[in-house]
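Below is one structure, written out as structure tokens, with a few remarks after it.
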């Protein structure tokens, strides 16, 4: 599986991801394309290897995931 445009997400997209043995749903907050601090940890990202800050609907918590871990609902 390669990173193609279908791995692109936009702010406000409704997505799901695996979380603690279940599935979480939420919204994309932003695309991260450089090393930064987010969701309480250091995030390693670049334009060629972006990650996404997402906010859980259930807990309101924030997490950062690679595009391959997210599924657009």
Self-check item: Order by protection proxy (mean Cβ within 10 Å, highest first), peptides 41-47, 60-66, 29-35
Solution: 60-66, 29-35, 41-47
Quiz item: When the gyration tensor of the chain is built from Cα positions, what are the square roots of 5 times its three eigenvalues, in whole Å, from largest to smallest?
Solution: 18, 15, 11
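Values in this text are rule-based calculations from the coordinates and carry no lab data. Treat the numbers as computed from the prediction; the structure is a model and nothing was measured. Virtual Cβ from ideal backbone geometry, glycine too; neighbours counted across all protein chains shown.
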